[in-house]
Amino acid sequence: MAKCKACPHKKTCRNECYGENPCDIALAYDRLIRKVEIRDDLLQKQSDELGALRKCSLAENGRMFGDYTLTPVQDAFTRKVGWWISKKGFTTARYCFTASDEKEVEYQIKNGLSGYIRLLDDTLQGVDATDRIDRLLKDLLWALPKEPRSDLVDNDSGFWTDRAEILCPSEAECEVLANFMEDVLQGLSSITVQTGHYDPEEDVRNSEVDEYTGFYYIRFE
């Protein structure tokens, strides 16, 4: 750029310093530069907003494959889009991959979908077994009487529950039922079966005689 002939300081308009008394041309140039800088900032902001909108658009478009669905979820902090796989009828989902554009999404689907489905099915198999066992135990405790029989038959008070454990009238019946429940739970759940006895003599010594005294119990931990 040529020197500004009207400038008493013999500076070019590109210089930042115009002296203590800048000329009108220098001031005009300074205003122009400021406008350009503001425009550049505005364009950058618009570019960032468009990029965020593109990512949001990507995060709204899921993919369905029969009973399986790939759903994009945008991270609130990193703004990256992670894709999760889920299956119809189940609430559990597994993370699969992170993608920044449609091309990357299509690549992951083409080369990794079968693996993601197997990963989810393996997870759901364990979740389904756990849910079934939980329901079984809850239903069992719900179905049993909530107190021992008041009309004893052959001095048998029967099985009952306080919603937390199963109370058994004898040690033999307690062991049979506990062994049966262990067979049911084996390989399907990490729940353990514990047994014990509310010893009458001990309860008398501790002044703790109540409706539990004399019963054997089964707990699930």
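The values are calculated or read from the model by the stated rules, or taken from the named source; none is laboratory data. The model shown is predicted, which means the values in this text are computed figures rather than measured ones. With ideal geometry, Cβ positions are generated from the backbone for all residues, glycine too; neighbour counts draw on all protein chains shown. Side chains included, ligands, DNA and RNA excluded: accessible areas come from the protein's heavy atoms. Shrake-Rupley method; radii C 1.70, N 1.55, O 1.52, S 1.80 Å.
Overall, the accessible surface of the stretch 97-177 at a probe of 1.4 angstrom is composed of carbon and sulfur to the extent of 52 percent.
The modelled label-to-label distance between LYS103 and GLU208, using points 7 Å beyond Cα along the C-beta direction, is 7.1 nm.
A 1.4 Å probe run over the protein chains yields, for the stretch 177-221, 66 Å² of accessible area per residue, whole-number rounding. Packing around the peptides 164-177, 102-115, taken as the average count of other Cβ atoms within 10 Å per residue, puts them in this order, highest first: 164-177, 102-115.
Translational diffusion coefficient of the stretch 173-220 (Stokes-Einstein, Kirkwood radius from Cα pairs, 25 °C, 0.890 mPa s): 204 µm²/s.
Here's the picture: charge each Lys and Arg Cβ at +1 and each Asp and Glu Cβ at -1 in the stretch 82-216, and of ALA129, ALA93, LEU144 the one pushed furthest to the positive end of that dipole is ALA93.
Across the stretch 66-165, the volume of the C-alpha convex hull divided among the residues equals 135 Å³ per residue. In angstrom, the C-alpha Rg and Dmax of the stretch 83-221 are 23.8, 76. Take the Cβ atoms of ARG135 and GLU175, set R0 to 30 Å, and the FRET efficiency comes out at 0.75.
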